[in-house]
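The values are calculated or read from the model by the stated rules, or taken from the named source; none is laboratory data. Predicted, not measured: the structure shown is a model, and the values here were computed from it. Don't worry about glycine lacking a Cβ; one is built from the backbone with ideal geometry, like all the others, and counts go over all protein chains shown. Heads up: the accessible areas ignore ligands, DNA and RNA and are worked out on the full protein's heavy atoms, side chains in. Shrake-Rupley method; radii C 1.70, N 1.55, O 1.52, S 1.80 Å.
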Amino acid sequence: MPKLQKCIAPFIAFIACLCIATAQADTGSKNIESKKAEFAKIASAKLDSTKSDSAPRSTNDRPKEPFTAYNGTTYILKDSDIKGVKTPPLKIGEKPIKWLAHPKYATRQIAIIPIAYRTKPGTLALSAAPTLALTIKPGNYKKEQITISDASKVKPDEASLQRIARERDEANAIYADSSAKRYWREPFAYPLRSTITSPFGSARVFNGELQSFHGGVDFRAPTGTPLHAVNDGVVALAKERFLAGKSVIIDHGEGLYSTYFHCSELKVKVGDAIKKGDLIALSGASGRVSGAHLHFGIVYSGVQVDPLDFITAINALFAE
């Protein structure tokens, strides 16, 4: 018997090692699957913008001084801020600014004032009677060097330039259309839970040539990451474009639009009624990009503004 035990001992040890290795492999596989599930949960989560600890931050903190704003941001004027005439006619240059219903209080009104990125520091007149004006300060915007491997996206040929012009005109026509109806009734959310890889307002230097400023915010988003509508609205555009790639534009009413660019797959079509949090697309690397991500933007009254600042400003109204 001792001899038999001595003979089979190595075999038993081998079987034991094999069992341990198998168990470790199973554990490792479970850990991998757990990590995958965790990533999927994070990637598909709808970021709760009402919680300050979960909200991505804008490049510029909102000024504490009254009647002060940075270029590229949004100023919310309230009827309660004005003495005398509560809702005087407003305009920037020759462009009228509408008074709108407060999203929380039916008897109050607000004016959403988009400050264009190229607005120079100084005084921005809003009304002559009574005299109303904003003090515009320069935003803290940086310069970005971006390398694009597809040279045709940096220096397009004539046919591509014509396509770009058509697509720009199409988008501007959408942004110029201001429906009387407001589709949203709740605070705005964010399209996904992720980190910011490129903020609004950065000067964009493509392959060594300064070409534009960044009119939105880029979120890190591996190809296939679910993207969600930031609030209720109607799909105004869903198609592939030369620079923006596969794109979705949502009309939220009253001249307000949210934009989602460089997607890999679109889940909606023009005319679809959208609810806050609905899946509208999957992220990707289509159009002029250096890698997969989501470009998210806000356009109000035809003006591109910092989307994070806009959401902060609008959501603050619900906290009053």
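Give me the number: length gained by fully extending ARG163 to LYS269, i.e. 0.36 nm times residue separation minus the C-alpha to C-alpha distance, one decimal in nm.
Working: separation 106, 0.36 × 106 = 38.16 nm, distance 2.10 nm.
Value of the extension gain: 36.1 nm.
Within 13 Å, Cβ to Cβ, of LEU294, how many net charges do the neighbouring residues add up to if Lys/Arg are +1 and Asp/Glu are -1?
On the way: positive: ARG193, ARG220, LYS246; negative: ASP218, GLU265.
Combined, the nearby Lys, Arg, Asp and Glu give +1.
Just subtract the alpha-carbon distance of ASP150 and LEU100 from 0.36 nm times their residue separation and send over the number in nm, one decimal.
Details: separation 50, 0.36 × 50 = 18.00 nm, distance 4.44 nm.
In short, 13.6 nm is gained.
Any idea of ASP272's accessible area? Nearest 10 Å², probe 1.4 Å.
Around 40 Å² of this residue is reachable by solvent.
Give the long-range amide H neighbours of GLU240: residues separated by 5 or more places, or on another chain, with amide H under 5 Å away, using H modelled in the peptide plane at 1.01 Å from N.
Sorted by chain and number, the residues that satisfy this are SER247.
List every residue whose amide H lies under 5 Å from the amide H of ASP278, counting only residues 5 or more places away in sequence or on a different chain, with H placed 1.01 Å from N in the peptide plane.
Amide H neighbours of ASP278: ALA229.
Please give the contour-minus-distance gain from ASP79 to THR195: 0.36 nm per residue of separation, less the Cα-Cα distance, rounded to one decimal in nm. Mind showing how you got there, number by number?
Numbers: separation 116, 0.36 × 116 = 41.76 nm, distance 3.59 nm.
Residue separation times 0.36 nm, minus the Cα-Cα distance, leaves 38.2 nm.
Order 100-112, 181-193 from most to least packed using the mean count of other Cβ atoms within 10 Å. It would help to have the intermediate numbers written out before the result.
On the way: 100-112: 15.5, 181-193: 18.5.
Ranking the peptides 100-112, 181-193 by packing returns 181-193, 100-112.
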